[in-house]
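One structure is given below, encoded as structure tokens.
Read the figures in this text as sums done on the coordinates, not as results from a lab. These numbers come from a predicted model, not from an experiment. Cβ sites come from the backbone with ideal geometry, for glycine too, and all protein chains shown count toward neighbours.
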Amino acid sequence: MNNSAPKLTQTPQQISADWLACAGMRPTRQRLSLAELLVGDGQDRHVTAESLFESARASGEKVSLATVYNTLKAFCEAGLLREIIVDGSKSYFDTNMSDHPHFFWEDDARLTDAPKEQLVLAQIPDAPDGAEIAKVDVVIRLRKTAR
């Protein structure tokens, strides 16, 4: 007989609802659906609006690409996601809100976390008068080497 205490686990729907609630966001059907795809399994991920749109459609969710973009922006404004812009035009959205660097894999346009303990910034420039540094994003571009 197993005498250990039962594990209390949340469903992906509960995780998603809690995620929205912690930011005070109203849990609409589409927000809940997209939140579940982003954080429902408890794993951090990097998505583009297009990749999240495809995942939503594949799961049967009826959502427009514009709604996905708007929802991702709302999640960022609520402090639930971090937007990482690559090449000035391509946006990735990160569920890991801690300060950490990224690898951008040029060969397949993929963003992954880089080990933050290996990054050492000796100094960053002072902000100009009348400005403050809001954040520092470090994106290290990689390409596969020929063997």
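Quick notes on this one:
- Separation of the stretch 53-69 from the stretch 102-147 is 29 Å, based on Cα centroids.
- Förster radius 35 Å - calculated FRET efficiency between Val120 and Glu54, Cβ distance, rounded to 0.05: 0.40
- Electrostatic bookkeeping for Cys76 treats Lys and Arg as +1 and Asp and Glu as -1; over the other residues with beta carbon under 14 Å from its beta carbon, the sum is 0.
- Estimated vicinal HN-Hα couplings, Hz - the stretch 77-88 in sequence order (Karplus 6.51, -1.76, 1.60; Gly, Pro = x): 4, 7, x, 8, 10, 10, 8, 10, 9, 10, 6, x
- Positive minus negative residues near Arg45 (Lys, Arg vs Asp, Glu; Cβ under 13 Å): -3
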